[in-house]
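Comments concern the structure below.
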Amino acid sequence: MSNTSMGVSLIGVPTDVGAGVRGARMGPEALRVAGLALALQQSGLDVRDCGNIRGPANPWQEPVDGYRHLPEVAQWNELVHKVVHFELQSGRLPIMLGGDHCLGIGSISAVARHCRETGKKLRVLWLDAHADFNTAALTPSGNIHGMPVACLCGHGPRELVEIGGHVPAISPREIVQIGIRSVDAGEKRFVHEMGIEVFDMRFIDEMGIRHTMEMALDGLDANTHLHVSLDVDFLDPVIAPGVGTTVRGGPNYREAQLCMEMIADTGLLASLDIVELNPALDVRNQTAELAVDLVESLFGKSTLMRQVTDAT
Ligand SMILES: [Mn+2]
């Protein structure tokens, strides 16, 4: 079991134009300071830090027609889409260092486009406290970091829905949500209507992370491109305080590790977003360090003593 030659590209996306609290723009640096590149190198990967994408500043304005900072969000996502698609075409595994979660529009639309071009099946694992399935009509705030999944599924402003040139960018069948525990009423109806598979915290409490992940990873095959979109607010705020939108009752440390390890076991991880880390709210960079720890597990560093020579 070796991924020695696998090339991964770190792409910093320092923005919080989609968020309701400022500070996620410092996320990429916090992840670097926490040692992300070195940790991945020590896992045997060929790591290239591509530096940061440079997009528009955060104008910090009120919503216009139900959206905050739509022109800026669109610009950032156009840039993210281009870079992520280029890295995938180059045969590398892009890791997006966010930045707020609106960036999932650019990165996942690029992944979906790459899958269409290469005949791959796509599975997106959306690890988040929130469904991020709001629309201008449903959202109270207009913050676009609450809308990326809706946009990817074809519901949102043209400027975002059409990024990547294929509408919708993904089918609701290609995405699975895990850890959800805070959804607006209208948003909840819309998620059900669209038929998105959601494993919320109630499900995880009752069935356990192991069974949840078995179901979330069911049906993958060697031709599947697995994308993980990790919103740091997925984690319980007790272990991950450095987020703008904490919600109590998320996975604890061991549950989060098991989740990452089971994804690693598939050997299919092909792209990753790490988003919503807000160093302005963190305590001694512990949330960034935890994210690095989890990413190591995602790339196969097991914290267990069990030998892996035999399956099951
Ligand atoms: Mn999110």
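Note: relative contact order over the stretch 7-298, using C-alpha pairs below 8 Å and six or more positions apart, is 23 percent.
Taking the Cα centre of the chain as origin, sum charge times position over the Cβ atoms of Lys and Arg (+1) and Asp and Glu (-1), and report the length of that vector in debye to the nearest 20. Don't skip to the answer; put the middle values down first.
Working: 25 positive and 39 negative charges, 84 e Å.
Rounded to the nearest 20 debye, it is 400 debye.
Potential lengthening of the chain between Asp205 and Thr118 amounts to 27.5 nm, from the contour at 0.36 nm per residue minus the alpha-carbon distance. DSSP assigns beta bridges within the chain; of those with both partners inside it, close to 5 percent run antiparallel. Rounded to 0.05, the FRET efficiency of the Glu193 and Asp46 pair, given R0 = 35 Å and the Cβ-Cβ distance, is 0.20. Mind checking which of Pro63, Gly51, His101 is farthest towards the positive end of the stretch 44-134's charge dipole, using Cβ charges of +1 (Lys, Arg) and -1 (Asp, Glu) about the Cα centre? Projecting each Cα onto the dipole axis, the largest value belongs to Gly51. Within 9 Å, Cβ to Cβ, of Ser43, how many net charges do the neighbouring residues add up to if Lys/Arg are +1 and Asp/Glu are -1? Spelling it out: positives minus negatives among the neighbours equals 0. Per-residue ellipticity at 222 nm from helix content only, as computed over the chain with -39500 (n - 2.57) for each DSSP H run of at least four residues, stands at -11000 deg cm²/dmol. Straight-line reach from Lys120: taking Cα to Cα under 22 Å and skipping same-chain neighbours fewer than 8 places apart, the lysines in range are Lys82. Once the Cα atoms are used to define both axes, helix 185-194 deviates from the longest principal axis of the chain by about 60 degrees. Ordered by the count of other Cβ atoms within 10 Å of each Cβ, fewest first, Arg32, Arg158 give Arg158, Arg32. Spin-label model, Arg158 to Glu29: label points 7 Å out along the Cα-to-beta-carbon direction sit 3.8 nm apart. Between the stretch 1-54 and the stretch 203-258, the alpha-carbon centres lie 20 Å apart. Its relative contact order, with pairs defined as Cα atoms under 8 Å and 6+ residues apart, puts the stretch 1-93 at 37 percent.
For Ala131, the amide hydrogen comes within under 5 Å of the amide hydrogens of Ser182, counting only partners 5 or more places away or on other chains and with H modelled in the peptide plane. In summary, the aspartates and glutamates within cross-link reach of Lys121, defined as a Cα separation below 12 angstrom excluding same-chain residues under 8 places away, comprise Glu174, Asp221. A convex hull fitted around the alpha carbon atoms of the stretch 7-298 yields 111 Å³ per residue. To the nearest ten degrees, helix 286-298 and the longest principal axis of the Cα atoms of the chain are 60 degrees apart.
Here, each number is a calculation from the coordinates, and none is a lab measurement. What you are looking at is a predicted structure, and each value in this text was computed from that prediction instead of being measured. Because the Cβ atoms are built from the backbone with ideal geometry, glycine has one as well, and the counts that use them run over all protein chains shown.
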